[in-house]
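Quick notes on the structure that follows.
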Amino acid sequence: MVNSASNRISQFLVYALLLVFSAVFIIPLFLTVSNSLSPFFSLPTFFPQGFHIENYKLATTMIDFWKFTQNSIIICVISVTTTTLSSGLVGYAFSRIQAPGKKFLFMIVLSTMMLPGIVTQIPTFILFHKYGLLNTFYPWLIWGIGGSPFFIFLYRQFFSAIPKELEEAARIDGCSIFRTYWNIFLPLSLPVMATVSIMSFQWSWGDFIGPFMFLNEAKYPLATALSTIGYVQPENAAVVIQQLAAAASILFMLPVILLFFIGQRFLIEGVVTSGVKG
Amino acid sequence: MNTPALSATVKEKSTTRKGLSEKTRRTTAFYLMISPWFIVFLIFGLYPLLYGLYLSFTNFVGFNINNLKIVGFKNYVNVFQDSDAMYSLGRTLYVSIIYVPISTAIGLLLALLLNRKIRGVGIYRTIFYLPSIVPVVSIGLMFRFLYADQDGILNNILKFLHLPTVNWLDYDHATFSLIIMMLWGAGAGILINLAGLKGISKDLYEAASIDGASTFRQFMRITAPLMTPVIFFNVIMGIINALQIYIQPILLTGTKLLDSPIRPNYFYTVHAFQQIFAYQRYAYGMALLWIMFIVILMMTIIVFTTSKYWVYYETDQEG
């Protein structure tokens, strides 16, 4: 009796907290949608003033929206595939294989994670300028192959939680180190892989400072285009049409939101533990 | 074909190979597997890094790349005599000290809520995680609608409640407003937190509840210790990101990409960018950034050193 009453109270508290947090998190997004449907130069209000769906059409035609989207997709495909595969391999090596120098090398991985991106970006820019790599997508291929210290660390944490017995069993059955990784650890890490792919997609989709520095306008991805070109009145470049900017930013976030919504169940109901236990 | 003698030799051979060179084999595999990262790191990470370090000891001002002069520690000495640099470093540390613990706690709290049996969990997950996937450019725009002095949404609510309105983006409130905007993205940690929570074996909780342990006790004795590696990871990432705050204050209180935000939100990285791009002091800017790197490194080393007292690993970390 007492137990079920306290259970009900705690359940009530959980739902109350969930609702409060949901409201807080959703309001700014809702405001952006409202604003994107309002007439030009109206003051932002909570509910949309009218239903100007044509703002969305204008947002994609006023600037070279689809061209920028195409650039975003190129950058994302290159980055996501290379980063996800490469980081997994490196993360596995750091979590599972003994070798001299490992500790030291792992400290380097962590230090590069702590490195403010801009410390290398300016010298990289100067060097790319020297070697003619500016305004190409090659840098994203190279950076992708190098993996990302964040994801290497993430993979390593996940692989470290898998019991040693699994590996020893594979070893006794005559699996090579690489096969152990490819046939046993990699399939187990599918949820991590999904997490890493989605995160690296988000990251490369949203990054605008990198492309801003290394590419010129024709090759800008959407993020850079939206934050530098923007929606200004043709006759006065100082006046931003906020309603169009809002519509464009909604379109811009849509793929990321959809991807997360589709992937999240798979993402979190990890096979990591069930795979190990089963 | 498969004579016993032959198979015996093969077997013998393979065991000796395994026995003798197990260590070498492991080492080779390790270095092969990390080589994609390691090679790219050397050429596209370390080299630019050291090149930048070299530039920080020169008089590089953007156009004299073929005619550099070494000026010793002059740029570094200047950093400590630059009141703007010291001011912005102070502001950055101040914001980090507030932001990191709160965002870590919110991330964990949200994950704990989502880890319970609740209806429509997928929708809540998406809502909580949504802010952290919204591109920062859009976030700046959103919060300007919210904070605007005239007809901003927050002030409209205050007016509706007959309360005095607040200029959210003025000198006194700008940092507070910025921290709120950043905390809006605190759901970023739930993915990692949830994965961590799911990784805790249900058997532990079953055993504990059979023994009559309360929910609170279960949290303190099972969840909290087993989550310390995840919390550790989130704290480290929080520190690293908070100390590099650059674009958020500009989007909230500035107009252009290389703009300078309001004074209380004038953070260290902003100062470095201003020095580099607005004043063409490349070498000095590199010195500023190198000092930031050292500060971040020191703070992380501190967290790492203390981690052995509070981070609990289930499997021993061999090596």
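Structural remarks
- Anisotropy class of the range A:1-135 from Cα gyration tensor, a/c 1.5 cut: oblate
- Here, the range B:75-166 has an Rg and a Dmax of 19.5, 59 Å when only alpha carbons are counted.
- In the range B:147-178, the chymotrypsin sites (Phe, Trp or Tyr not before Pro) that fall in loop regions by DSSP, at most 12 other Cβ within 10 Å: B:TYR171
- The mean sequence separation of alpha-carbon pairs under 8 Å and at least six residues apart, normalised by the residue count of the range A:146-246, gives a relative contact order of 16 percent.
- Kirkwood hydrodynamic radius computed over the range A:61-196 comes to 17.1 Å, based on all pairs of distinct alpha carbons.
- Distance-filtered residues of the range B:280-305 - backbone nitrogen under 16 Å, label point 7 angstrom along B:LEU93 Cα→Cβ: B:291-303
- Pairs spanning more than 21 Å between alpha-carbon atoms, out of A:LYS164/B:LYS117; A:LYS103/B:LYS198; A:LYS103/B:LYS308: A:LYS164/B:LYS117; A:LYS103/B:LYS198.
- Distance in nm between pseudo-label sites at B:ASP172 and A:TRP182 (7 Å out along the Cβ direction from Cα): 6.7 nm
- Each 5 Å bin, from zero up to the one with the longest distance, holds this percent of the alpha carbon pairs of the range B:174-256: 3, 12, 18, 16, 13, 11, 9, 7, 5, 3, 2, 1, 0.
- Among B:LYS69, B:LYS308, B:LYS23, residue whose mean-square fluctuation peaks in a GNM of chain B (springs only between Cα atoms under 10 Å): B:LYS23
- Shielding score for B:192-200, defined as the mean number of other chain Cβ atoms within 10 Å: 5
- Helix A:242-268 axis versus longest C-alpha principal axis of chain A: approximately 20°, rounded to the nearest ten.
- Distance-filtered residues of the range B:128-171 - backbone nitrogen under 14 Å, label point 7 angstrom along A:VAL232 Cα→Cβ: none
- Dipole check for chain A: with +1 at the C-beta of Lys and Arg, -1 at the C-beta of Asp and Glu, and the Cα centre as origin, the magnitude is about 640 Debye.
- When all protein chains stay in place and ligands, DNA and RNA are ignored, the 1.4 Å accessible-area order of A:GLU235, A:GLU165, largest first, is A:GLU235, A:GLU165.
- Charge dipole of the range A:45-197 about the Cα centre (unit charges at C-beta), most positive-ward option of A:ILE162, A:ASN71, A:VAL192: A:ILE162
- Listed residues A:LEU85, A:THR228, A:PHE260: farthest to the positive end of the dipole of chain A (Cβ charges): A:LEU85
- Proximity of backbone amide H atoms, modeled 1.01 Å from N, is registered between A:VAL232 and A:ILE241 at under 5 Å, excluding neighbours fewer than 5 places apart on the same chain.
- Averaged over peptide A:233-239, the number of partner chain Cβ atoms lying within 10 Å of each residue's Cβ comes to 0.
- Shape class of the protein assembly as shown from the alpha-carbon gyration tensor: oblate, with a/c at 1.5 or above and b/c at least as large as a/b.
- For chain A: rounded, prolate or oblate by the Cα gyration tensor [a/c cutoff 1.5]: oblate
- Per-residue mean of C-beta atoms belonging to partner chains within 10 Å, peptide A:151-161: 3
- Taking only alpha carbon atoms, chain B gives an Rg to Rh ratio of 1.10, where Rh is the Kirkwood radius.
- Dipole magnitude (debye, nearest 20) for the protein assembly as shown, charges at Cβ of Lys, Arg, Asp, Glu: 1360 debye
- For the pair A and B, total buried accessible area rounded to nearest 100 Å², probe 1.4 Å: 8900 Å²
- Globularity index of the range A:159-199, i.e. its alpha-carbon radius of gyration over 2.2 N^0.38 Å: 1.26
- Shown for chain B are the DSSP H helices of 30 Å or more along their axis, judged by Cα atoms, with a mean Kyte-Doolittle hydropathy of at least 1.0: B:83-114, B:282-310.
The values are calculated or read from the model by the stated rules, or taken from the named source; none is laboratory data. Since the model is a prediction, treat every value here as computed from it, not as a measurement. Neighbour counts are summed over all protein chains in view; Cβ atoms, including those assigned to glycine, are modelled from backbone coordinates with ideal geometry. We work out accessible area using only protein heavy atoms, side chains counted, and drop any ligands, DNA or RNA first. Shrake-Rupley method; radii C 1.70, N 1.55, O 1.52, S 1.80 Å.
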